[in-house]
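Have a look at the structure below, then the notes.
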Amino acid sequence: MKEIALYVLDIAQNSITAGAKHLDITLAEETGRICFTIADDGRGMSPSLLATVSDPFTTTRTTRKMGLGLPLLRLAAEQTGGRLDIESTEGVGTTVRALFCAEHIDCPPVGDMAGTITLLIQGAPKLELTYTHQVEERAFRLDTRQIRAELGEDVSPAEPEVILWLRDYLQEQEASLEKIGG
Amino acid sequence: MKSLAELRAIRERMAKQIDLRESGDDRIRVVVGMATCGIAAGARPVLNAFLEEVDKRQLKNVTVSQTGCIGVCRLEPIVEVYVPGQEKVTYVKMTPDKVASVVSEHLVNGRVVEEYTIGAAE
């Protein structure tokens with residue numbers, strides 16, 4: 001994957017598949033490090049699954065015996081001198097936390113977080129999602145309950161017109177965060 | 001700067017159009033594979049391009065949705081098009097550039113873009 005934002009998109013899909021109703025995504029950029037956390041209230045993992053989940057030959061799908069999402073993320077984070085932590089409790093949820101050392105030559109750029117967040121909303125419009133992007137001391141926060149409040153019951157956030165507007169909105173917020181922060 | 005309150009204008013505009021939408025049975029479905037393989041191969045810009053084209057052309061009978069791994073990872077990004085009453089069409093190695101012609105030819109004019117299909121790739 002060429003961007004950290006694409007890892008976020010990939011790993012967050014696991015939360016949706018796990019039946020999460022709430023998803024909290026945090027991306028924090030501080031001197032020398034980029035860290036993201038994805039916390040869900042999905043079905044969680046058993047201790048034995050959790051122990052082997054970063055192994056590419058562990059998967060819950062039945063079509064073939066391979067799953068690459070978490071192993072790829074662990075490799076990418078560790079390659080920069082960072083790390084991947086996964087906490088999970090069955091019936092409660094899962095939290096994935098990835099740390100990248102930003103100055104390492106193998107550290108991917110943050111990339112298009114606006115694209116990632118809007119496509120998560122498009123794919124799972126009923127999910128209650130919060131997204132916080134922090135750059136040094138400054139932060140931007142989006143809560144899909146605010147979007148739902150503006151749109152009402154009849155208009156789905158997954159409508160192309162809404163998604164495209166949200167993408168522009170987020171791009172604008174991201175750009176001002178980077179400008180002031182960096 | 002944009003504000004979330006602007007969504008209310010979209011809501012009001014769409015409320016007027018809601019009865020123009022066709023009912024569930026005759027909708028065309030466009031499904032983009034968004035698993036690890038699809039995302040790594042570039043599915044996100046492809047999905048975005050579909051949303052842009054569908055919005056630009058105001059195609060009220062088209063639903064764009066996402067799915068997991070379709071099973072032929074080496075041909076990702078993969079897009080499946082379901083037109084009611086017709087066989088499913090699978091487009092492979094999609095790019096944002098190819099999306100415009102799939103939308104105008106297939107979704108609007110009903111002509112499958114054969115050269116982008118899995119049949120042509122295999």
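The values are calculated or read from the model by the stated rules, or taken from the named source; none is laboratory data. In this text the structure is predicted, and so the values were computed from the model without any measurement. So basically every Cβ, Gly included, is an ideal-geometry build from the backbone, and we count neighbours across all protein chains shown. The protein model used for the area step is the full one, side chains on, heavy atoms only, and it has no ligands, DNA or RNA in it. Shrake-Rupley method; radii C 1.70, N 1.55, O 1.52, S 1.80 Å.
Mean partner shielding of peptide A:161-170, defined as the number of other chain Cβ atoms within 10 Å of each residue Cβ, is 5. Antiparallel DSSP bridges in the protein assembly as shown: what percent, to the nearest 5? In the protein assembly as shown, approximately 70 percent of DSSP beta bridges are antiparallel ones. Placing R0 at 25 angstrom, the Cβ-Cβ distance between A:K21 and B:S65 gives a FRET efficiency of 0.80 after rounding to 0.05.
DSSP beta bridges fully contained in chain A are about 80 percent antiparallel. The angle between the Cα long axis of helix B:43-56 and the main principal axis of chain B comes to about 40°, on a 0 to 90 degree scale.
Surface composition of the stretch A:4-181: carbon and sulfur atoms hold 51% of the protein heavy-atom accessible area at a 1.4 Å probe.
B:K98 exposes around 50 Å² of accessible area when a 1.4 Å probe is run over every protein chain in place. Using only Cα atoms, tell me the angle between helix B:7-17 and the longest principal axis of chain B; keep it within 0 to 90° and round to the nearest 10. Approximately 80 degrees, to the nearest 10. Averaging the Cα positions of each part gives two centres, and for the stretch A:128-182 and the stretch A:1-66 these lie 21 Å apart.
When both bridge partners sit in the stretch B:22-121, DSSP labels roughly 55% of those beta bridges antiparallel. Model label sites at B:S3 and A:D85, defined 7 Å from Cα along the beta-carbon direction, differ in position by 3.9 nm. Here each label is just a point 7 Å from Cα along the line to Cβ, and for A:E128 and A:E172 those points are 2.7 nm apart.
Sequence neighbours fewer than 8 away in the same chain don't count; with that in mind, list the lysines whose C-alpha is under 20 Å from B:K98. Those lysines meeting the cut-off are B:K56, B:K88.
Computed over chain B, the range of Cα coordinates on each principal axis works out to 47, 36, 22 Å, biggest value leading.
Round to the nearest 0.05 the FRET efficiency obtained for A:E153 and B:V72 when R0 = 51 Å and r is the Cβ-Cβ distance. With R0 = 51 Å, the Cβ-Cβ based efficiency is 0.85.
Shown here: the protein assembly as shown, whose C-alpha atoms stretch 52, 47, 39 Å along the first, second and third principal axes, sorted largest to smallest.
Once all protein chains are placed together, B:H106 keeps about 10 Å² accessible to a 1.4 angstrom probe. Which part of the stretch A:93-121 falls in the paramagnetic zone of A:E136, meaning amide N under 17 Å from the point 7 Å along Cα-to-beta-carbon? Once the point is set 7 Å along Cα→Cβ of A:E136, A:102-103 turn out to lie under 17 Å by backbone N, inside the stretch A:93-121. Along chain A, the longest continuous region that contains none of the GluC sites (Glu not before Pro) in a DSSP loop with at most 12 other C-beta atoms within 10 Å is A:1-102.
Across peptide A:73-86, the mean count of Cβ atoms from other chains lying within 10 Å of each residue's own Cβ comes to 0.
Average accessible surface for the stretch B:1-100: 48 Å² per residue, computed with a 1.4 Å probe over protein heavy atoms with every protein chain in place. The Kirkwood radius of the stretch A:4-181, taken over pairs of alpha-carbon atoms, gives through the Stokes-Einstein law at 37 °C and 0.692 mPa s a diffusion coefficient of 194 µm² s⁻¹. Note down the net charge around A:L119, summing +1 for each Lys or Arg and -1 for each Asp or Glu among other residues with Cβ under 12 Å from its Cβ. Taking every Cβ under 12 Å from that of A:L119, the sum is 0.
Working from label points 7 Å from Cα in the Cα-to-Cβ sense, the B:D25 to A:T58 distance is 4.8 nm. Taking all protein chains into account, the per residue accessible area for chain A stands at 47 Å² (1.4 Å probe). Averaged over peptide B:68-80, the number of partner chain Cβ atoms lying within 10 Å of each residue's Cβ comes to 1.
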